[in-house]
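Following: one structure in structure tokens, then a few remarks.
The values are calculated or read from the model by the stated rules, or taken from the named source; none is laboratory data. Here the structure is a predicted model, which is why all the values come from computation and not from measurement. Using ideal geometry, Cβ is built from the backbone for each residue, glycine included, and neighbour counts are taken over all protein chains shown. In case anyone asks, the SASA skips ligands and DNA or RNA and just uses the protein heavy atoms, side chains included. Shrake-Rupley method; radii C 1.70, N 1.55, O 1.52, S 1.80 Å.
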Amino acid sequence: MHFEVTLPADVTAISPVVAWVMRLVSEFDYAAGKEFEIELALREALANAILHGCKADPTKRVDCSVTGDREQGITIVVRDPGSGFDPKSVPSPTDDSNLHSEHGRGILLISKLMDEVKHERNGTVIRMRKF
């Protein structure tokens, strides 16, 4: 199964899209017990794309695709039109100097929640997979 959605770069669009995606993911029996990780990673990836990739400009669009396959698991791809970033340049939120920062945990969180995470196209695309 494969589906795609495009949403405006507006944080209020995140919850309705996530609810719709999770309703579809719930139909995959092989996703059972993994819904929390998938939902939280999706929320973080969409928020990053909207806030950082689109600078919260609602005239810009974020693309999200979800593919479910019994052998390959659930693959979620989030694309934004931003200039990108180098994931390795993001400071670790676990460093003492960053522990009280209000931002910077999303990438680490996604990498812990999902089984496979790849940043592509200079950081404007995140591909996440849960087996």
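Residue check: D95 meets all listed conditions (1) among the charged types (D, E, K, R); (2) modelled with pLDDT under 90; (3) open to solvent by 90 Å² or more (accessible area, probe 1.4 Å) but one, namely (3). Count of segment 98-131 residues, restricted to those that are surrounded by fewer than 14 Cβ atoms within 10 Å (Cβ to Cβ) and modelled with pLDDT of 75 or more, is 8.
Put simply, of V66, V5, V18, V11 the only residue that is open to solvent by less than 20 Å² (accessible area, probe 1.4 Å), over 18 Å from D115 (Cα atoms) and of a type in the set (A, V, I, L, M, F, W, C) is V18. Residues in segment 108-131 that are acidic (D, E) and either within 15 Å of S65 (Cβ to Cβ) or part of a loop (DSSP other than H, G, I, E, B) (or both): D115, E120.
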